[in-house]
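These notes are about the structure you will find just below.
What follows draws every value from the coordinates through simple rules; no lab data is involved. Note that the coordinates shown come from a computational prediction; the quantities given were computed from them, not determined experimentally. When we count neighbours, we look across all protein chains shown, and the Cβ atoms used for this are built from the backbone with ideal geometry, even at glycine.
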Amino acid sequence: MASIKMVGFDADDTLWRSQDWFDQAQRDFEAIIACYVNGDVRTSERLYAVEKANLAVFGYGVKGMALSMIEAAIDITGGRISAADLHRIVVLAKDLLRHPVELLPGVRDAVEAVAADLPVVLITKGDLFHQEAKVRDSGMSALFRRIEIVSEKDVSTYRRLLEEFAIAPDEFVMVGNSLRSDIAPVLELGGWGVHLPYHTTWAHEREAEVDEGHRARMRTLDSAAGLPAALRSILQAA
């Protein structure tokens, strides 16, 4: 694979389950709020609005989500929520932070197969402490040439990383479940993308489209097992 010099992997919902636990925490949050309100108050929409507004302050991850939940709870209930229920929200966050890492089917074999031929790096975003713990507990850290935990995954971040890796965009393939964070920015730079959709995705990560002119440099897979074949297809196209 001489024309491709490095493959990057996303972590959450690409290598291991993540959004499932966030979705459950949100359902638990909505159940707490339901005790204080009558009728349709659009709890999920109001929580997302708070989370989105707070991204620039708290960044991504469980801790930012928990603080946004507390803010949204106070707002939605008009300040009537009890200290005990605010503590329940904190416990939701602690449970997320302590949740065991569950690798997705076939991902270890797929990463090992790719790493046998090419350097692989892990590029993920979120809370540094939590992401470091998940990478460690996954048992996969030794497979990656480098592990990058960043605050955002956008064009400027990927451009900086590729400069540090000393490779051109068209020599790089990014594998991930999020079009917004893993695929679209790399394609925009002129790189390649392998999209591994997950069955549930946070609303913020769904707010993205791939330019029609870039789609020839993207492959979409049903499972990680197809990754070696997808890379061979990219090599032929390159």
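What ³J(HN,Hα) values, in whole Hz, does the Karplus curve 6.51 cos²θ - 1.76 cosθ + 1.60 give for the stretch 53-63 when θ = phi - 60°, with x put for Gly and Pro?
For the stretch 53-63, the Karplus curve yields 5, 8, 4, 5, 9, 9, x, 9, x, 5, 5 Hz.
Using θ = phi - 60° and the Karplus form 6.51 cos²θ - 1.76 cosθ + 1.60, what ³J(HN,Hα) does each residue of the stretch 131-137 get, whole Hz, x for Gly and Pro?
Calculated HN-Hα couplings, in order: 5, 4, 5, 5, 4, 4, 6 Hz.
Compute the long axis of helix 155-165 from its Cα atoms, compare it with the longest principal axis of the Cα atoms of the chain, and write down the angle in degrees, 0 to 90, nearest 10.
Roughly 50 degrees, rounded to the nearest 10.
Ranked highest first by average number of other Cβ atoms within 10 Å, how do 90-97, 75-82 line up?
Sorting 90-97, 75-82 by mean packing, highest first, produces 90-97, 75-82.
Over the chain, calculate the relative contact order: mean separation of alpha carbon pairs under 8 Å at least 6 apart, over the residue count, as a percent.
25 percent
Could you work out the helix-only [θ] at 222 nm for the chain, with each DSSP H run of four or more residues adding -39,500 (n - 2.57) and the total divided by the number of residues, to the nearest 500 deg cm²/dmol?
Counting only the DSSP helices, I get -14500 deg cm²/dmol.
Each residue of the stretch 168-184 in order: what ³J(HN,Hα) in whole Hz does its phi give by Karplus 6.51 cos²θ - 1.76 cosθ + 1.60, θ = phi - 60°, with x for Gly and Pro?
These are the phi-based 3J(HN,Hα) values: 7, x, 6, 9, 10, 10, 10, 10, x, 8, 9, 4, 5, 9, 9, 10, 4 Hz.
Report which label in (i) 62, 37, 31; (ii) 46, 38, 32; (iii) 63, 41, 34 holds the value of Cα extents along the principal axes in Å derived from the coordinates of this structure.
(i)
If the only charges are +1 at each Lys and Arg Cβ and -1 at each Asp and Glu Cβ, what is the size of the charge dipole of the stretch 19-97 around the Cα centre, to the nearest 20 debye?
Computed charge dipole of the stretch 19-97: roughly 180 debye.
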